[in-house]
Structures are given as C-alpha cells and as structure tokens.
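Read through the structure below, which is laid out as structure tokens, and then see the notes.
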Amino acid sequence: MTPKDRVLVVPAPAKVNLFLHVTGRRADGYHSLESLFSLIDLADTLTLEDRDDGRILRGGNVPGVPESADLTLRAAHALREAAAMRRGATITLAKRIPQGAGLGGGSSDAASVLLALNRLWSLSMSRRDLAAIGVTLGADVPFFLGETPALARGIGERLTPMSLPTCWLALAMPAVQVATAEIFAAPELTRSTPSAKMDVFSEGYGRNDLEAVAASRFPRVAEALRALRRASPQARMTGSGACVFAVFATEAEAQSALGLLPAGIPGQVVRTVARHPLASFA
C-alpha cells in the first residue's frame with residue numbers, strides 16, 4: 001500500500017426531512033416515525049489516514065464535541081470490533097454542517113467513516129453489514145449509508161429508496177442547538193399522525209410534527225418559519241430543528257427567499273442531491 005493509498009478524503013452530506021410524522025410511541029420508549037429524507041449539497045469533509053499501530057485518533061478538535069461523544073471515533077471503533085481486526089486510523093473532521101440543526105451532520109459523519117474505513121481497511125463489508133453497525137450509532141446513520149433519497153419508517157432504520165426531482169432550497173440556519181431528546185420528550189408532541197397508505201407524495205405533502213414543539217421553545221426557529229413562509233407557505237423545519245427550509249424550482253427563487261430572513265438568522269441556498277457522493281463505495 002502506497003502512502004497515497006493510506007489516506008482517503010471523503011464528504012459527509014447533510015439531509016433534510018421533506019416531511020416528518022410521528023406515528024406512535026413504542027413500548028421501549030422510542031417513537032415510530034415516517035419521514036422522507038433527501039440529501040443536500042452541504043457537506044462536512046473527513047480525512048482518514050490508515051495507521052499500523054491500531055490506534056484510533058482524532059486529528060484535531062471539533063468545537064462542542066468531546067472525544068467521548070464523537071460519532072466518527074465511535075464508528076471507527078464499532079467497525080473495527082465488527083471486523084475483528086486491529087488496524088487504526090487518524091480521523092480529521094472539517095465541520096460545515098451546524099450541530100443541533102436537524103441536518104444529520106453527526107450521523108452522516110459516522111456513515112462516511114464506515115464507508116471510508118471499509119475501503120481503507122479492505123474489509124469488503126456490504127452496505128447491509130455496515131447499516132447493522134450504523135443503527136447502533138444513531139437511527140439516521142443507515143440512511144446515510146444508502147445511495148438515494150429514502151422513505152424512512154420504524155425509528156428511521158426501515159428504508160425504501162425513492163426517486164425525487166432535484167430542487168433548490170432556501171435554508172435558514174438559526175444559531176441555536178436543539179436537543180432531539182428534549183423535543184421528543186415534550187408532552188404536547190403529536191404522536192398519532194396516520195401512516196401514509198402509499199409511497200407516493202405530492203409536492204408539499206405532510207408536515208414536521210416536531211416543528212411546533214421546537215418553535216415554541218426556540219424563538220429563532222419560529223422567526224425563521226414566519227420569514228420563509230412569506231415566500232412559500234410550505235416552508236418547514238427539518239428533523240428536530242433548528243434549521244428551516246423552503247423548496248423552490250430555481251436557484252433565483254431560493255436566493256430571493258433568503259432576503260426575507262431577519263437580521264441574525266443566517267442562511268444559504270442548497271440543492272438536493274439524487275445520489276450519495278460515496279455511492280460507489282462498498
């Protein structure tokens with residue numbers, strides 16, 4: 001293996017939930033969900049370097065994320081344990097996806113580590129094998145191990161690949177971090193949305209059942225929703241927040257909508273992605 005072969009630089013794309021319905025609560029305390037996931041072209045970047053000494057190290061600090069909570073390190077350890085091997089890696093993360101934003105950044109980082117180390121360590125594990133590891137790290141990780149948009153059911157691990165038209169999004173990014181557990185624990189959360197009968201969804205279908213709870217607790221989320229709904233009545237929150245998006249047919253329309261955001265709420269235009277950038281891996 002040459003020095004070049006011992007290093008991989010890979011993206012970890014964000015996602016949006018085009019809708020997110022809470023369809024029930026299970027006996028184990030987890031919630032049953034139904035959500036349509038789409039990748040977007042906002043991404044973190046991971047650099048992974050193979051190590052012969054068996055150590056798994058972080059190549060730099062990630063603000064706000066202690067090593068004990070770093071999903072990239074947990075993913076590497078989980079993969080190595082599943083493969084029963086002793087190789088190591090240095091993992092360096094360049095963070096662009098905001099934390100606590102509902103964009104799945106941590107889960108995507110973990111998935112890209114699994115895909116990259118599967119190749120770097122020549123493990124030849126299938127995506128199904130990687131997904132079995134990924135779901136132990138987070139319910140969204142299996143989605144990021146897939147190749148396309150997907151309809152998610154269960155706790156998010158039962159995935160049906162979907163084909164969606166490419167579109168532009170005005171993405172509002174309030175500078176608050178929303179704790180997913182806090183939103184799901186809210187007593188006023190709607191937990192009884194009926195499940196869709198068919199896997200066919202019109203534009204603007206559904207809603208985000210977590211949105212009202214997050215907006216009531218985080219005024220900046222409510223402000224972002226009000227602003228983007230002036231451009232599109234279908235604007236909604238993604239995940240458990242804090243980011244809010246509105247869908248448009250053109251980049252110009254999305255850019256115009258960003259101009260409606262109040263001072264102090266940054267935003268950017270992003271585009272949905274039809275295939276995961278690591279679709280050729282594994």
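The values are calculated or read from the model by the stated rules, or taken from the named source; none is laboratory data. Every value quoted in this text rests on a predicted model; they were computed, and no experiment measured them. Glycine also receives a Cβ, built like all others from the backbone with ideal geometry; neighbour counts cover every protein chain displayed.
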Has the stretch 244-263 got at least one residue that is assigned by TED's automatic domain parsing to the domain that holds GLN177 and closer than 21 Å to GLU188 by Cα?
yes
Listed by range, helices (runs of 4 or more DSSP H) wholly within the stretch 210-282 having at least 2 residues that are farther than 19 Å from GLY102 by Cα, of a type in the set (A, V, I, L, M, F, W, C) and in contact (Cβ under 8 Å) with a residue 40 or more places away in the chain are 251-258
Hits in the stretch 143-166 (condition: assigned to a loop (DSSP other than H, G, I, E, B) and either within 18 Å of GLY239 (Cβ to Cβ) or of a type in the set (Phe, Trp, Tyr) (or both)):
LEU145, GLY146, PRO149, ILE155, GLY156, GLU157, MET162, LEU164
With respect to the numbered conditions (1) in the same structural domain as ARG220 (by TED's automatic domain parsing); (2) farther than 30 Å from GLU203 by Cβ, which one is the sole condition not fulfilled by MET125?
(1)
Of everything in the stretch 237-263, what is touching a helix residue (DSSP H, G or I) at 6+ places or on another chain (Cβ under 6 Å) and surrounded by fewer than 24 Cβ atoms within 10 Å (Cβ to Cβ)? Give them in sequence order.
SER240, PHE248, LEU260, LEU261, PRO262
Under 7 Å by Cβ, and 6 or more places apart or on different chains, what pairs join a residue from the stretch 119-142 that is under 18 Å from THR180 (Cα atoms) with one that is among the charged types (D, E, K, R) and at pLDDT 95 or above?
LEU137/ARG74
Every listed condition ((1) surrounded by fewer than 23 Cβ atoms within 10 Å (Cβ to Cβ); (2) closer than 14 Å to GLY134 by Cα) holds for ALA76 save (1)
Only listed residue being within 28 Å of ARG128 (Cβ to Cβ), modelled with pLDDT of 95 or more and acidic (Asp, Glu), chosen from GLU211, GLU157, GLU147
GLU147
